[in-house]
Structure formats: structure tokens, C-alpha cells
2 protein chains.
Amino acid sequence: MLSQFNFLSQSSKPLPFSPVSLHNQTLTLHQNDAQALPFSPAINYHSVSLKTTTVSAMTSNSNLSNHAVTSNGISEPDLDRFADVGNKLADAAGEVIRKYFRKKFEIIDKEDLSPVTIADRTAEEAMVLIIQENLRSHAIFGEENGWRCTEKFADYVWVLDPIDGTKSFITGKPLFGTLIALLHKGKPILGIIDQPVLRERWIGISGKRTTLNGEEVSTRTCAKLSQAYLYTTSPHLFKGDAEEAFARVRNKVKVPLYGCDCYAYALLASGYVDLVIESGLQPYDVLALIPVIEGAGGVITDWRGDQLYWEASSDARATSFNVIAAGDKQIHQQALDVLQWQ
Amino acid sequence: MLSQFNFLSQSSKPLPFSPVSLHNQTLTLHQNDAQALPFSPAINYHSVSLKTTTVSAMTSNSNLSNHAVTSNGISEPDLDRFADVGNKLADAAGEVIRKYFRKKFEIIDKEDLSPVTIADRTAEEAMVLIIQENLRSHAIFGEENGWRCTEKFADYVWVLDPIDGTKSFITGKPLFGTLIALLHKGKPILGIIDQPVLRERWIGISGKRTTLNGEEVSTRTCAKLSQAYLYTTSPHLFKGDAEEAFARVRNKVKVPLYGCDCYAYALLASGYVDLVIESGLQPYDVLALIPVIEGAGGVITDWRGDQLYWEASSDARATSFNVIAAGDKQIHQQALDVLQWQ
């Protein structure tokens, strides 16, 4: 790992994190990682995805075969294959991002004034190439480059945000994340939140329990809003009525906290946070969160309590979501009642 | 490292970070670490502290002897000894903190409604014991237990905050820090910001260049406030006029960001952040930052531009500081002009 940081800016700043070895994610990219980090327990995502408990009513061990399908009508082998590709995408994005983290690079302000860097663009390209090589019929919607597909619509759409929390990335704060979602006929069936510097990867797969680096995680109970720990990225991301609505909830929770980007949703899935409330999120910032949160036992909806749905196609327009995620459905409902969002 | 996490709460959540080995920090506590992490380069703090460039005008290589003194009137051997003890303190606190991070524990609300945990208290006790064993004449002022000394005053005072950012710690967010300061006749001569989960340690020693894990760091230039990246922990920590003053600066910077606790000052020392502005900080949250920031070429003062000074004694009262740290003195002055603090 440390050898990646030879290309430095002002002074030598080796990143001291020595991550858990994530073996077998891609045969081409990580042979070196496997050798460089021999002390860490290997997390074999092929074996983990096959062993993960499937809660679908349609399968049982005695009936499991190559033709077993999940409740989404997708075969288990296909689902495992998609999970494997998802891991490859996160690996590839992570490789790029780690090269640029805490290095000197140009920051470009986009039309909406949000920043983007060479790391964002290169990481997205790396993911796009892998999808095109492995799943040619799948469409892709990336934050940086929009829709890519030979058709206008596709049953399967990968929705990618290479760096959610670019401002954190730019300022050397290791809590941004790579967000990867796979939609099947509009429904998120796979979601990944990956923090490539800390080497933490949350994976949610429809019908399965969410995992963090291969270990199952779970949200925690919380009966009252007044006991809840709430995260949001910034107080400045709520406009107009949304600001007032958020303030109503913020004034009722135990502790409102800031500055965690998508990592807050990951902490919620792992049971350390009770509520995350945000406004103005784009599809590529939201869709990956859904399988992760739901697979951990949590709830994630818009501010009316409705399902977060986005129509993915070549004509897809930018859609802004107000999101609330809760570890416990009790405080989810209490928060909705306080948000009073029409 | 992973073996420390056998005692888990809801589910098995091994922390994947495998930190850089920090050898020789304490002979008693880290023999195991040295063996468990063979792949990481050893950071030998004894050798680093002796090799670090001393910028004091009073010493030169040809004159260096056991009687050489720094501009503070402290001998180099003494300064090295204090740095060594400082490292031991951070090691000891880190051992405790890592045991409790992302585990289940009781959270107690103090009189001022701030939370404290067994990790805070145990980490502070561990540091106090080391100081009492190694530097008996030194006084200690800890966040949790106040003043400890046989006398009312002492030339040397250690000021300790075992966990700055307890709310981050409680919610599993690995950006809180252990803050350790050593004052000599009221002046901070040693400051440590330690992130024990990520194993990042910034050390500032009076007259020397600040280091991150043994490597020298430097703040970055920034000529205009409109180009500055600003951090503060939370918008809710500014009261009354302070809120308006902060808003004035916040509206002029390029990007206001939140949620970094003391880690923001560390990022500033390393040149990734331009400004940190906070209000209502306690002495134990401030004093350690001073040598770190100044040793990296930055500026840190109160909102009037005055030195941050705290009279440490057994009668010491709680003093609240408004703090501004800047990587570049140009934007430090510009920010002061906008704060307009009387």
C-alpha cells in the first residue's frame, strides 16, 4: 500500500492505514494486494456471497439449484455474478481513489458548482469499462458521464457515484464513499458503500443480510426520537421548507451530528447511528443505500414515507430526493410525523 | 489488532484497519504490536525526535551537547524525554480507546450535558499513571478529573483530553482524537493530536517541525478567503454573537465543511485544509493544537488575533476559547477582519 504514495505533493505523507486484505475480488488487479498484506484475514467475496443467508421464501437448501430464483425473479447464480462484478467495480474505483487521496490534483467546479476531480472521472471510467466487459447488455448511469447503453432502456442499470463526498476527499478526510447500485426493472437489488482508504465495504443484496467486509451487520433499536443520534452532511444542503422541516426533527433528537457523507448511512446499517436525514440527493447518491439499509433491518424512504424510486433511462432527468433512513421503524415514523412533509 | 475486537456487541465487527506499526513507543505495551504488524515500516519515535530539525537559533549541530537548550530554556534531552513520555501517553490512551471503539458501553451525560464514556475515563487514567510514574514533579490537568499535583502550581503541566469528539467516538466515526499538551510556565511546548483507530499521530514540539507519523508536514498557502476550505465541528456550537461572526466568515470562504473535531486542525497542519474556526473550546481542546499548527507553519489565535493562553493551576477555572487556525497568515488576517470580534 505505501508504495502507491511515492508520487507526493508537498511532503512525504505515507498513509498509515494498512487495510484488511480483500482477496479474490479481481484476478487482474489484486494479486499484489494479496501478497503485500499477508497478516490480514482474507475476505473471499465469492465464498461469502454464496454462503450468505438467503431470506427469500422461494429457496431452501434442499431445492437450491442453478435454476433457483430470488423473489425478484433473478437466479441465484446471476445474483452472485452481479455481486462479484460489484466487488470488482469497488476494487477498481478504490485503486484509483487511493492513488489520488491526499495528493495534489486539479479541482474543477462543475456547472452546479460542485467539485470534481481526476479521481472522480478516472474511477468512474474504470468501473464503466468493467461493466462493459462483463455485462454488455447492462446499462450504466454514472454521475460524471450520464447514461451509457446501446438502448434507451435496459432491465439492468448500474448507477455509479465514484466519490460521494468529493469535498471530504479533496480535504483529505477519509469518510467519503464510492456508491454502486444495480437496478433490476427500476428496483435496487445490489448496493455497495465502499470507503477505499479505510478499506470498509458494506454490501447489500436484495433478499440477503447486509455485510461489512463479509460480516453481517444490523441496525439497532431506538424507541424514541429523543434518544436518537442523527447525522446529516451539512446544514447548508437544506433549502426553503426543507430547512425548516429538518430543523423540527433536529430539535427533537438527542444529538444532531454533521459531516459524514454516505458513511453515515453505513454507520446506521452497522448499528451506531439511528437516523440520517438529507435533502437534495441525486439518484446516484441514494440508490446504492437502499439494499444496504434494508438488508441491515433498517428503513429508508423519502420524506413522505414513500419508496425512493427513479426511472433510469437515456432520457432520465436529474431528480432530487429528500431521504430519511432509520435503524428502527419506530423513530422512522416519529421523524416523518415531525418532518410533516407534503 | 483484530484480536482486540473479540469482545463485541451486536455482531462480529472486526475493524479492518491495520495500522502502521509504531515501534518502541513503550516497551511494556507494544511488543505485541511490533510482532503483529511486520509489513509496516517501523516508526521509531525515539530516533525521529532526535533527528527532527531544530529551528531554534540557540542550537547548531556543532554546539549540540547535553547542555544545549532550546529557546524555551529547556535542554534538548529533556525535550526529547518529554516527547517520549507524550508518545507513551498517546499509546496508552490509544490502547484503551481501540478496545472500546464500536463496542457497546454506557454513555453518561455530564453536568454540561456532554457525553462521557468508560473509554474517556480509562484512557485518562492510563495517561495520568504514566506521567506520575515518569515525571513526578509535573502537574496534570485532565478533562475528566481536573488538576492533579502535589502543589498548587507547577512549571510543567500536562493537559489531557482523552477523546476530543466523544460524539464521533460514540457513533463509530473514526475521526475523534486524543489531545495531549505539555505546558512550560504556561507555554505549550509539546502538542499531540492522535487518532488511535487510523493510527495517525501529529506531534508538534516547540522549535521543531511538526510531524505526522514521523514525517514532517506543512500547511499550504492560500491568498484569499474566497479560495479557502473551512472546517468547523458543528453549526450549533456558536452562541449569540459568535454565531453571527462565524456566519460572516462562512459566507466568504469557498467551502464550509463540518464534522471533523480536532482532526480538522490536523488536516490543516498537513496542508489539506485552510481554516478552522470554532467557539467555546476548553483548554484541553486547544492547547495541544498550538505546537502542532505552529510547527507546521500555520497560525492559531483567538478571534482577536491574540495568543491562546490559559493559566494552569489548582484554582484554574473553566475558560472558553474562540479559536481560529489558518494555514496561511494572509487568510488568518482576512478572517479576523471579517469576524470583527471585540
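The values are calculated or read from the model by the stated rules, or taken from the named source; none is laboratory data. Keep in mind the model is a prediction, meaning the values are calculated, not measured. Because the Cβ atoms are built from the backbone with ideal geometry, glycine has one as well, and the counts that use them run over all protein chains shown. These area figures cover heavy atoms from the full protein model, side chains too; ligands, DNA and RNA do not enter into them. Shrake-Rupley method; radii C 1.70, N 1.55, O 1.52, S 1.80 Å.
Looking at region A:193-223, which of the residues that are among the hydrophobic types (A, V, I, L, M, F, W, C), within 14 Å of the chain's Cα centre (by Cα) and within 30 Å of B:Gln195 (Cβ to Cβ) is nearest to the other protein chains (Cβ to nearest Cβ)?
This residue is A:Leu212.
Give me a count of the residues in region A:295-325 that are outside any loop (DSSP other than H, G, I, E, B), in contact with a Lys or Arg (Cβ under 9 Å, 6 or more places away or on another chain) and of a type in the set (Gly, Ala, Ser).
Residues meeting the conditions: 1.
What's the number of the condition A:Leu190 fails, among (1) more than 14 Å from chain B (Cβ to nearest Cβ); (2) surrounded by fewer than 24 Cβ atoms within 10 Å (Cβ to Cβ)?
(2)
Take the residues of region A:309-329 that are farther than 14 Å from A:Ser279 by Cβ and touching a helix residue (DSSP H, G or I) at 6+ places or on another chain (Cβ under 9 Å): which is most open to solvent (accessible area, probe 1.4 Å)?
So, considering only residues that are farther than 14 Å from A:Ser279 by Cβ and touching a helix residue (DSSP H, G or I) at 6+ places or on another chain (Cβ under 9 Å), the one most open to solvent (accessible area, probe 1.4 Å) is A:Ala318.
If B:Arg148 satisfies every condition in (1) buried (at least 19 other Cβ atoms within 10 Å of the Cβ); (2) in contact with a strand residue (DSSP E or B) (Cβ under 8 Å, 6 or more places away or on another chain); (3) away from chain A (no Cβ under 14 Å); (4) over 25 Å from A:Asp274 (Cβ atoms) but one, which is the exception?
Exception for B:Arg148: condition (1).
Mind checking which residues of region B:169-187 are open to solvent by less than 10 Å² (accessible area, probe 1.4 Å) and within 14 Å of chain A (Cβ to nearest Cβ)?
Within region B:169-187, B:Phe169, B:Thr171, B:Gly172, B:Lys173, B:Pro174, B:Leu175, B:Phe176, B:Gly177 meet the criteria.
Identify all residues within region A:240-273 that are within 9 Å of chain B (Cβ to nearest Cβ), open to solvent by 20 Å² or more (accessible area, probe 1.4 Å) and assigned to a helix (DSSP H, G or I); write none if there are none.
The answer is A:Arg250, and nothing else.
Of all the residues that make up region B:330-342, how many are touching a helix residue (DSSP H, G or I) at 6+ places or on another chain (Cβ under 7 Å) and free of Cβ contacts under 8 Å to residues at least 60 places away in the same chain?
Residues in region B:330-342 being touching a helix residue (DSSP H, G or I) at 6+ places or on another chain (Cβ under 7 Å) and free of Cβ contacts under 8 Å to residues at least 60 places away in the same chain: 0 in total.
Do you know which residues across region A:224-239 are at the interface with chain B (Cβ under 9 Å from one of its Cβ atoms) and open to solvent by 20 Å² or more (accessible area, probe 1.4 Å)?
A:Thr233, A:Pro235, A:His236 - these are the residues of region A:224-239 that are at the interface with chain B (Cβ under 9 Å from one of its Cβ atoms) and open to solvent by 20 Å² or more (accessible area, probe 1.4 Å).
For region B:277-297, which positions are within 13 Å of B:Ser234 (Cβ to Cβ) and within 14 Å of chain A (Cβ to nearest Cβ)?
Correct list: B:Glu278 only.
Is it the case, given these coordinates, that A:Val128 is in a strand (DSSP E or B) and either farther than 30 Å from A:Asp78 by Cβ or modelled with pLDDT of 80 or more (or both)?
no
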